[in-house]
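Structure first, commentary second.
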Amino acid sequence: MRTYSTRKRILVTGGAGFLGSHLCERLLAEGHDVLCADNFFTGTKDNIAHLLHSPHFELIRHDVTFPLFVEVDEIYNLACPASPIHYQHDPVQTTKTSVHGAINMLGLAKRVKARILQASTSEVYGDPAVHPQTEDYWGNVNPIGIRSCYDEGKRCAETLFFDYHRQHKLRIKVARIFNTYGPRMHPNDGRVVSNFIVQALKGEPITIYGEGQQTRSFCYVDDLVDGLIRLMNSPDDFTGPVNLGNPGEFTILELAQKIIAKTGSKSEIVFQPLPADDPTQRKPDIALAKRILDWIPKVTLDDGLPRAIAYFRDVAA
Ligand code: NAD
Ligand code: UDP
């Protein structure tokens, strides 16, 4: 049991989403007061329904593009649609969510002197020319393409975090999150792991974009949440940016084959056009996270996929 003095008041924006709901659950289990703020664009109350009974959990419907006045000790800023289909649905709102959302949450952190963590992304590296990606790589990002609302919005948010740090001495933490998967991903959000599992379970064709030779590294959600919490609790002079992801690298074709094998599906693989600016390779260098946070992911893709499959069997099959 935590006492009044050791229990922190923690705001999680985007807390009803995939990652946010797991984070809220963990923070609550650690004995903190958790305030979840979400506009339910891609998140759902179902993701946090099991937490609502707790007197230490609060939910507010709020859009981070508007200011928020609450008293908290820490802020995890996760609000932002993460799947290409959703962030491209209303690209202007996506940029606003990242940029205005960052300004509002940084303003809140400044007023209440809270520590604040930004959920940034491997997308800040764009289609990377450096492989694996290290934090000192500045990236290769198209500023005017269909992914730019997300990529440039997140890059601008990082800029704002570092300017608030330099200008106002805010205690900031920036996590560059690589592709993460697990239970509570939206079954229709278009991300590759959820798409392939749902297609495999339904016996529908598995849709590979391009030839399936592009690579990604997939981190299981529990590992990622552990990394975020370690980062928030790291010494004040460590701001990041720090890569959080699983360095295991797979082609999208390999992923499709694994999911077909693990679901025992009869689905065929079909090849569809590759979307514009789709990164050709992605793999985090996690030496910094290992050294400073003593963090390495524990769940391999072979161990994590069955857990995600079990979830989608319940909700989508
Ligand atoms: P998600 O879409 O499941 O969750 C995002 C949440 O933010 C949703 O609950 C959504 O309703 C909420 N939201 C969106 N716009 C909002 C707004 N204007 N105001 C308030 N709430 C808003 O996505 P996720 O995978 O859980 O991603 C969470 C965060 O992590 C995002 O910032 C994303 O960019 C980042 N991230 C995720 C991944 C990944 O692989 N999952 C990778 C890199 C970065
Ligand atoms: N992808 C695919 N089929 C799908 C969904 C995605 O081949 O049904 C590919 C996509 O083109 C990309 C990779 O899988 O190369 C990862 O896509 P996702 O949308 O999950 O994330 P991101 O591109 O942001 O890493």
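The values are calculated or read from the model by the stated rules, or taken from the named source; none is laboratory data. This structure is a prediction, so every number in the text was calculated from the model and none was measured. Cβ sites come from the backbone with ideal geometry, for glycine too, and all protein chains shown count toward neighbours. Surface areas here come from the heavy atoms of the whole protein model, side chains and all, with no ligands, DNA or RNA. Shrake-Rupley method; radii C 1.70, N 1.55, O 1.52, S 1.80 Å.
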(request) Take peptides 260-268, 240-248, 184-192, 99-107 and line them up by average Cβ neighbours within 10 Å, highest first, as a rough protection proxy. (result) 240-248, 99-107, 184-192, 260-268
(message) Leaving out ligands, DNA and RNA, and with a 1.4 Å probe, what % of the accessible surface on the chain is carbon or sulfur?
(response) 53
(request) Subtract the Cα-Cα distance of residue 278 and residue 262 from 0.36 nm times their separation in residues, and report this length gain in nm to one decimal. (result) 3.1 nm
(request) Return the sequence-ordered ³J(HN,Hα) values of region 32-40 in whole Hz as given by the Karplus equation 6.51 cos²θ - 1.76 cosθ + 1.60 applied to θ = phi - 60°, using x for Gly and Pro. (result) 9, 8, 10, 10, 9, 10, 7, 9, 6
(message) For region 217-317, what does the accessible surface come to per residue with a 1.4 Å probe? Please give it in Å².
(response) 45
(message) Suppose only helical runs count, i.e. DSSP H with n ≥ 4. What mean residue ellipticity at 222 nm does that imply for the chain under -39500 (n - 2.57) per run, divided by all residues and rounded to the nearest 500 deg cm²/dmol?
(response) -11500 deg cm²/dmol
(request) Sort 111-121, 140-150 for me by packing, meaning the mean count of neighbouring Cβ atoms within 10 Å per residue, highest on top. (result) 111-121, 140-150
(request) Would you please state which residues of region 75-113 a label at residue 168 would reach in this model, taking the label point 7 Å out along Cα→Cβ and a backbone N cut-off of under 14 Å? (result) 75, 100-113
(request) Kindly write out, for region 167-183 in residue order, the coupling ³J(HN,Hα) from the Karplus curve 6.51 cos²θ - 1.76 cosθ + 1.60 (θ = phi - 60°), rounded to whole Hz, with x marking Gly and Pro. (result) 7, 10, 6, 5, 8, 10, 9, 10, 9, 9, 8, 9, 2, 10, 9, x, x
(request) Sort the chain into rounded, prolate or oblate with this rule: let a ≥ b ≥ c be the square roots of the eigenvalues of the Cα gyration tensor; rounded if a/c is under 1.5, and if a/c is not under 1.5, prolate when a/b is larger than b/c, oblate otherwise. (result) prolate
(request) Find how many whole Å separate the alpha carbon centroid of region 205-233 from the alpha carbon centroid of region 1-79. (result) 22
(request) Provide the per-residue ³J(HN,Hα) series for region 120-133, in order, calculated from phi with Karplus coefficients 6.51, -1.76, 1.60 and θ = phi - 60°, each as a whole number of Hz, with x at glycine and proline positions. (result) 8, 8, 4, 4, 5, 7, x, 8, x, 8, 10, 9, x, 7
(request) Could you rank the peptides 17-25, 205-213 by their average count of other C-beta atoms within 10 Å per residue, with the highest value first? (result) 17-25, 205-213
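Rounded, prolate or oblate, given the Cα gyration tensor of region 7-110, with a/c below 1.5 counting as rounded? Display every interim value, and only then the final one.
Numbers: a/c = 2.30, a/b = 1.34, b/c = 1.71.
Oblate, since a/c reaches 1.5 and b/c is not below a/b.
So for the chain, averaging the separation of alpha carbon pairs under 8 Å that are six or more residues apart and normalising by length, what relative contact order in percent results? Could you put the intermediate results ahead of the total?
On the way: 636 pairs, mean separation 54.5, N = 317.
It rounds to 17 percent for the chain.
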(message) Just to be sure I understand the model, the point goes 7 Å from the Cα along the line to the Cβ. What's the resulting residue 61 to residue 315 distance in nm?
(response) 2.0
(message) Quick query: amide H of residue 219 versus all other amide H atoms, modeled in the peptide plane; which residues come in under 5 Å with a sequence gap of 5 or more or a different chain?
(response) 180, 181, 246
